[in-house]
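J.: Take a look at the following structure, please.
The values are calculated or read from the model by the stated rules, or taken from the named source; none is laboratory data. None of these values were measured; they are calculated from a predicted model. Cβ placement follows ideal geometry from the backbone for every residue including glycine, while neighbour counts extend to all protein chains displayed.
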Amino acid sequence: MKQRSTQVLKVDSVRKDYGAMTACCDVSLSLRRGEVLGVVGESGSGKSTLLKCLAGAERPSSGTIHISSEGEMVDLWAMDEALREQFLPSAISLIHQNPRDGIRLNVSAGGNIAEPLLVNGERYYGTLRDTSLEWLERVNIDADRIEDLPRTFSGGMQQRLQIARGLATHPRLVLMDEPTGGLDVSVQAKLLDLIRKLVREMGIAAIVVTHDIGVARLLADRLMVMQRGRVIEEGLTDQVLDDPHHPYTQLLVSSVLQA
Ligand code: ADP
Ligand code: MG
């Protein structure tokens, strides 16, 4: 019973076709509370498509996605559409590679954090403001920037704001698509540390899509390697990276070592 109650996500044989193009195929996985799964693979291997299916943004062509809801696993795509739209913002957060896709540039920093809380039913102004302040602090943005518009922020700050906005609602599942992809290397390292700390502290289940093995090694407990829409290797991160079995994974790992 205990095992069942900590399960957050169960994906069975998900496939997504775009016309004749199969973007991902036969993907199955399961994720528990506090677990971070890395998804690696070259561009075009189906990583983002998989995340979009999990985020409720793209309906799979076949297969099922179950997500925990009040102790039960519910079938995301079998839900009534209105119910799904209500369920999604409280259960799942998607962190985009480009912060501008995940925050609103013309809404204050505090407003960006408060908005999803409002959507989830929080109406008390004091709580919204306190939670916004608390989250600005957690992502190292000065409290006196609370009224500022994020268009004046650096890329790293915008990304930290997106993370605050995504986590403040305490989602069960966080999906990150190349969360540090567009940033300078020095900014990336700090952001990765921050993500790791928050995900650990909150015991959140997370999926991190990346083409960067270094990011996967730092964040992920387990790793799934995708090629041409299929999962070709999976296992504990250290095992997969230190002793890759599939030739493609061996190539991925060795190309990083030579870089
Ligand atoms: P990745 O994120 O690993 O780079 P994607 O999931 O974005 O890969 O894409 C996987 C494949 O599906 C690619 O060949 C891509 O061109 C195709 N694809 C993705 N989205 C669409 C779409 N909306 N319409 C048609 N083809 C798509
Ligand atoms: Mg992608």
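J.: So, in the stretch 212-259, of the ones that are modelled with pLDDT under 90 and outside any helix (DSSP H, G or I), which residue ends up nearest to SER43 (Cα to Cα)?
T.: ASP212
J.: Exactly one of these conditions fails for ALA20: (1) without any contact (Cβ under 8 Å) to a residue 24 or more places away in the chain; (2) surrounded by 14 or more Cβ atoms within 10 Å (Cβ to Cβ). Give me its number.
T.: Only one criterion in (1) without any contact (Cβ under 8 Å) to a residue 24 or more places away in the chain; (2) surrounded by 14 or more Cβ atoms within 10 Å (Cβ to Cβ) is unmet by ALA20, namely (2).
J.: Would you check which residues across the stretch 201-235 are out of contact with any strand residue (DSSP E or B) (no Cβ under 7 Å at 6 or more places or on another chain), more than 16 Å from ligand 2 (Cβ to nearest atom) and touching a residue at least 12 places away in the same chain (Cβ under 8 Å) and list them?
T.: Matches in the stretch 201-235: MET202, GLY203, GLY214, ARG217, LEU218.
J.: Hey, another quick one. Looking only at the stretch 53-70, which residues are out of contact with any helix residue (DSSP H, G or I) (no Cβ under 6 Å at 6 or more places or on another chain), outside any strand (DSSP E or B), under 22 Å from PRO89 (Cβ atoms) and touching a residue at least 12 places away in the same chain (Cβ under 8 Å)?
T.: CYS53, LEU54, ALA55, ALA57, ARG59
J.: What is the one condition in (1) away from ligand 1 (no atom under 16 Å from the Cβ); (2) surrounded by fewer than 23 Cβ atoms within 10 Å (Cβ to Cβ) that HIS96 does not satisfy?
T.: Of (1) away from ligand 1 (no atom under 16 Å from the Cβ); (2) surrounded by fewer than 23 Cβ atoms within 10 Å (Cβ to Cβ), only one is false for HIS96: (1).
J.: Filter the stretch 81-121 down to the residues that are of a type in the set (Ser, Thr, Tyr) and outside any strand (DSSP E or B), then identify the one that is farthest from LYS52 (Cα to Cα). Steps first, answer last, please.
T.: Initial filter on the stretch 81-121 (of a type in the set (Ser, Thr, Tyr)): 90, 93, 108.
If we keep only those that are outside any strand (DSSP E or B) too, we end up with 90, 108.
Numbers: SER90: 16, SER108: 27 Å.
Across the stretch 81-121, the extreme among qualifying residues is SER108.
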